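Q: Sharing a structure with you now.
The values are calculated or read from the model by the stated rules, or taken from the named source; none is laboratory data. Since the structure is predicted, the reported quantities are computational estimates derived from the model, not experimental observations. Virtual Cβ from ideal backbone geometry, glycine too; neighbours counted across all protein chains shown.
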Amino acid sequence: MKRFFVIKIVCLLSFLSVWGQAQEKLSLSAQIPVVAWYGVPAGEATVERFKELKDAGFTVNFSGYSNQEEVEKALDAALKAGVQLIISCPELRDEPEKTVRRFMKHPAVAGYFLRDEPVVADFPALGEWARKIQSVDNKKYCYLNLFPTGGAEHLKALGVQNYREYVSRFDKEVSLPFLSFDHYPVLGDNVLKAEWYENLEEFSDEARKAGKDFWAFALATKHGPYPIPTRAALRLQLYSDLVYGAQGLQYFTYWTPAGDSFFDYQHGPIGLDGKRTEIYDLVKEMNAEIKSIAGVFLGAKILSVRHTGTTIPRGTKRLTLLPEKVRVLDTHGNGAIVSLFENAGKKYLAIVNRSLVDAMELTFYADSSVKRVLKDGTLVPADAYTATLTVSPGDIVLYLLEK
């Protein structure tokens, strides 16, 4: 009896070993840059604080510092914690070449910050500033973030006839290594701005025309008309960014800024008192979730982005033709983003539930060769799952269509 029991245990372990070996897994070691805007401030620039930032899943810190000494202290601490900085200080503006020479060999320098949200009239001076920096250090990037789209008055204030002109003129006149823009689409009562996906369509298309990557944002701090972020809101923003081709993700903000009567910043991951809020844990969870599949998106070439639903967002295209090998893709009336892209010789399909509040019933049939990509990178035959899946608000489902 004892011998029989031992044999059973050996057989079971052998089966588990074979089953474990049979689990095919993608190599997802590549990591998308994740930027903390209003990151660790000068007065808190310690190794411990930067480790806390890294533990939340951030790879890059952006903070404005008052002088070069503060920058140097922050760089040294960040290096020990294993994160990098986009540096900003008055000397970078006043004496760019000299300042860049001082910091360019520091391994914690990711890039150099110019300014946020310029109008067209600012482009010539910004282009000259960037050229001065890059004449000294062309190994690291100059960084600048652009305005989102808006109505006629907004475009007039930018100095353009339309938003595409704004992006294309910036690229021609300033010409940085990649493009970045912010747009915070979630308003109170879980309302999405009508123009958000149109903005993603136009910005991502202009980046492709320029042959450049783009970076995009998610909102992590309540202010003005924007609510406290939820898991669904973060997922929807970040996964929408990724399936449109974003190669860098940014959060506004990490440290809660001291606001004014209008903006009244609240509930950033780190509060005004320097302590963590509940949003810190939410952002940490979100960054870990994305890190597990980031390698699918880093370096991806977007082939098409389409939308489903009774109505689709302004400026987008409806899904009318299924990708090869997919037989049925039905979101049962709830809107979804359907992105087809390729990366490292593989073709993928991503489906994002576009709702902030409602789960989505996804019915999916495909050839037996199609694999589902789980969030730890494991590949499982798509037909191992029931044909209809429930997708949480803002969440993503990934499939590998072809090797």
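Q: Does Tyr184 satisfy the criteria of being in a loop (DSSP other than H, G, I, E, B), modelled with pLDDT of 95 or more and under 21 Å from Gly39 (Cα atoms)?
A: Taking the combined requirement at face value, the residue satisfies it.
Q: So for region 342-350 (the condition being more than 19 Å from the chain's Cα centre (by Cα), of a type in the set (A, V, I, L, M) and farther than 24 Å from Arg231 by Cα), does at least one residue qualify? Before you say what the answer is, go through the steps one by one.
A: Filtering region 342-350 down to residues more than 19 Å from the chain's Cα centre (by Cα) leaves 344-347.
Add one more test, that the residue is of a type in the set (A, V, I, L, M), and what stays is 344.
Those left that are additionally farther than 24 Å from Arg231 by Cα: 344.
Scanning region 342-350, I find at least one residue that is more than 19 Å from the chain's Cα centre (by Cα), of a type in the set (A, V, I, L, M) and farther than 24 Å from Arg231 by Cα, so the answer is yes.
Q: I need the full set of residues from region 108-144 which are without any contact (Cβ under 8 Å) to a residue 12 or more places away in the chain and either outside any loop (DSSP other than H, G, I, E, B) or of a type in the set (Asp, Glu) (or both), in order please.
A: Selection gives Asp122, Ala125, Glu128, Arg131, Gln134.
Q: Further, regarding this structure: Report the residue count in region 210-228 for those that are at pLDDT 95 or above, more than 28 Å from Lys317 (Cα to Cα) and either part of a loop (DSSP other than H, G, I, E, B) or among the hydroxyl-bearing types (Ser, Thr, Tyr) (or both).
A: Qualifying residue count, region 210-228: 4.
Q: Here's another thing I want to ask about it. Does any residue of region 188-209 turn out to be part of a strand (DSSP E or B), more than 19 Å from the chain's Cα centre (by Cα) and not basic (Lys, Arg)?
A: Yes, the conditions are met somewhere in region 188-209.
Q: Counting only residues that are hydrophobic (A, V, I, L, M, F, W, C) and surrounded by fewer than 16 Cβ atoms within 10 Å (Cβ to Cβ), which one in region 280-321 is farthest from Thr363 (Cα to Cα)? Give the steps one after another, and end with the answer.
A: Here is the first cut: in region 280-321, the ones hydrophobic (A, V, I, L, M, F, W, C) are 282-283, 286, 288, 290, 293-294, 296-298, 300, 302-303, 305, 312, 319, 321.
Pick out the ones that are also surrounded by fewer than 16 Cβ atoms within 10 Å (Cβ to Cβ) and you get 288, 303, 321.
On the way: Ala288: 27, Leu303: 22, Leu321: 16 Å.
The qualifying residue farthest from Thr363 (Cα to Cα) is Ala288.
Q: I've got another one for you. Can you name the residue in region 208-260 that is among the small types (Gly, Ala, Ser) and touching a helix residue (DSSP H, G or I) at 6+ places or on another chain (Cβ under 7 Å) and, of all such residues, is farthest from Val34 (Cα to Cα)?
A: Ala210
Q: Residues of region 260-318 being of a type in the set (Gly, Ala, Ser) and within 21 Å of the chain's Cα centre (by Cα), which ones?
A: Answer for region 260-318, where residues must be of a type in the set (Gly, Ala, Ser) and within 21 Å of the chain's Cα centre (by Cα): Gly268, Ala288, Ser292, Ala294, Gly295, Gly299, Ala300, Ser304.
Q: Of these, Val296, Val357, which one is aliphatic (A, V, I, L, M) and outside any loop (DSSP other than H, G, I, E, B)?
A: Val296
Q: Please give the number of the condition Leu349 fails out of (1) more than 20 Å from Ile293 (Cβ to Cβ); (2) in a strand (DSSP E or B); (3) among the aliphatic types (A, V, I, L, M).
A: Unmet condition: (1).
Q: Regarding region 51-61, can at least one residue be identified that is among the small types (Gly, Ala, Ser), under 29 Å from Asp171 (Cα atoms) and within 22 Å of the chain's Cα centre (by Cα)? Full working, then the answer.
A: Step one: list which residues in region 51-61 are among the small types (Gly, Ala, Ser), which gives 56-57.
Right, trim to under 29 Å from Asp171 (Cα atoms) and you get none.
No, because not a single residue in region 51-61 is among the small types (Gly, Ala, Ser), under 29 Å from Asp171 (Cα atoms) and within 22 Å of the chain's Cα centre (by Cα).
Q: Taking Thr320 as the residue in question, decide whether it is touching a residue at least 24 places away in the same chain (Cβ under 8 Å) and β-branched (Val, Ile, Thr).
A: Values: touching a residue at least 24 places away in the same chain (Cβ under 8 Å): no; β-branched (Val, Ile, Thr): yes.
No: the conditions fail for Thr320.
Q: Here's a follow-up. Only one of (1) assigned to a helix (DSSP H, G or I); (2) over 13 Å from the mean Cα position of the chain (by Cα); (3) within 20 Å of Phe297 (Cα to Cα) is not met by Tyr239, so which one is it?
A: If we test Tyr239 against (1) assigned to a helix (DSSP H, G or I); (2) over 13 Å from the mean Cα position of the chain (by Cα); (3) within 20 Å of Phe297 (Cα to Cα), just (2) comes out false.
Q: Being crowded, with 19+ Cβ neighbours inside 10 Å, modelled with pLDDT of 95 or more and of a type in the set (Gly, Ala, Ser): is that true of Ala108 here?
A: yes
Q: Need the failing condition index for Lys284 against (1) under 19 Å from Tyr184 (Cβ atoms); (2) in contact (Cβ under 8 Å) with a residue 60 or more places away in the chain; (3) not aromatic (Phe, Trp, Tyr), just the number.
A: Of everything listed in (1) under 19 Å from Tyr184 (Cβ atoms); (2) in contact (Cβ under 8 Å) with a residue 60 or more places away in the chain; (3) not aromatic (Phe, Trp, Tyr), Lys284 misses just condition (1).
Q: I've got another one for you. Kindly indicate the residue of region 159-181 that is in a helix (DSSP H, G or I) and crowded, with 22+ Cβ neighbours inside 10 Å and also nearest to the chain's Cα centre (by Cα) among those meeting that condition.
A: Ranking the qualifying residues of region 159-181, first place goes to Val167.
Q: Looking only at region 223-246, count every residue that is touching a strand residue (DSSP E or B) at 6+ places or on another chain (Cβ under 9 Å) and surrounded by fewer than 21 Cβ atoms within 10 Å (Cβ to Cβ) and tell me the total.
A: Counting residues in region 223-246 that are touching a strand residue (DSSP E or B) at 6+ places or on another chain (Cβ under 9 Å) and surrounded by fewer than 21 Cβ atoms within 10 Å (Cβ to Cβ) gives 6.
Q: Those residues that are closer than 12 Å to Pro118 by Cβ and of a type in the set (Phe, Trp, Tyr), I need them from region 159-174; list them, please.
A: Scanning region 159-174 gives Tyr166, Phe170.
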